[in-house]
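In what follows, a structure is listed as structure tokens, so that the remarks can point back to it.
The values are calculated or read from the model by the stated rules, or taken from the named source; none is laboratory data. Nothing here was measured: the structure is a model prediction, and the numbers come from that model. Heads up, the Cβs are rebuilt from the backbone with ideal geometry, glycines too, and the neighbour counts pull from every protein chain shown. These accessible areas exclude ligands, DNA and RNA; they are computed on the full protein's heavy atoms, side chains included. Shrake-Rupley method; radii C 1.70, N 1.55, O 1.52, S 1.80 Å.
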Amino acid sequence: EMASLSSHSIRLFPPIIGNRLPLYVAFLREPIQRFISHLTYCKKQYRTFPEALKQHWPANCMDLSLREMAAWMIYNQPEAVRQGALVTHFLTEQTWLDAVGGILKLSDRWLDRDSSLYRGFEPLKLALATAVLEDFFFVGLVEEMETSMRLLREKLRPYGLHLRDSPMPVENVSRELALDIDWLDPAD
């Protein structure tokens with residue numbers, strides 16, 4: 001009886017759920033803002049991270065400048081992070097695993113990141129992400145939330161669906177750290 005569901009963790013988007021046709025909606029971040037937000041979040045929240053997550057960051061990350069953290073990330077994180085393709089990777093990896101694993105009739109945990117099958121995923125990620133998002137009912141931008149919500153309301157209207165026209169609260173736990181981007185230069 002659910003009318004809507006919101007999550008950062010949904011990675012598969014079936015065209016039918018039960019006997020219903022879902023309308024998938026996504027609000028994506030502008031890539032540079034997403035990268036800076038990721039850095040500032042890690043810098044501010046590092047102490048709260050579980051030990052397994054802390055292992056992926058320098059122990060002194062709270063003392064590093066955002067430029068130093070960005071450089072560390074680029075040189076020490078996996079390829080998907082270095083390419084700034086985390087969202088693309090997140091959006092497409094499970095689709096790839098299910099599609100290729102399904103064709104080959106392989107079990108759930110079949111894919112080793114070093115396998116030739118997984119390496120086949122890398123050059124297709126962007127095209128796969130584009131295909132996934134093309135099937136969405138609506139894709140907006142977080143940085144243009146008011147415009148995105150206005151356009152979404154207009155698109156929902158013919159379906160008899162209405163969203164409240166109320167101000168959207170903005171919650172960003174590390175916004176104050178991201179305001180100064182003077183450390184970026186055109187070469188970045």
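Applying the set (1) open to solvent by 60 Å² or more (accessible area, probe 1.4 Å); (2) at pLDDT below 75; (3) not in a loop (DSSP other than H, G, I, E, B) to GLU146 leaves exactly one unmet item: (2).
Taking the condition under 19 Å from the mean Cα position of the chain (by Cα), open to solvent by 20 Å² or more (accessible area, probe 1.4 Å), modelled with pLDDT under 85 and farther than 29 Å from GLN45 by Cα, does LEU97 pass? Answer is yes for this residue. In a residue-by-residue description of region 32-43, the property of being outside any loop (DSSP other than H, G, I, E, B), under 20 Å from the mean Cα position of the chain (by Cα), farther than 21 Å from GLU143 by Cα and charged (D, E, K, R) applies to at least one position. Residues in region 14-31 that are part of a loop (DSSP other than H, G, I, E, B), farther than 13 Å from SER4 by Cβ and hydrophobic (A, V, I, L, M, F, W, C): 2 in all. In this structure, is VAL139 outside any helix (DSSP H, G or I) and surrounded by 11 or more Cβ atoms within 10 Å (Cβ to Cβ)? In short, yes.
Residue check: is ARG67 more than 16 Å from the chain's Cα centre (by Cα), under 30 Å from PRO14 (Cβ atoms), at pLDDT 70 or above and open to solvent by 70 Å² or more (accessible area, probe 1.4 Å)? It is false that ARG67 is more than 16 Å from the chain's Cα centre (by Cα), under 30 Å from PRO14 (Cβ atoms), at pLDDT 70 or above and open to solvent by 70 Å² or more (accessible area, probe 1.4 Å).
Could you tell me how many of the residues in region 11-26 are surrounded by fewer than 12 Cβ atoms within 10 Å (Cβ to Cβ) and of a type outside the set (D, E, K, R)?
Number satisfying all stated conditions: 8.
The residues of region 115-136 that are of a type in the set (D, E, K, R) and open to solvent by less than 40 Å² (accessible area, probe 1.4 Å) amount to a single one, LYS125.
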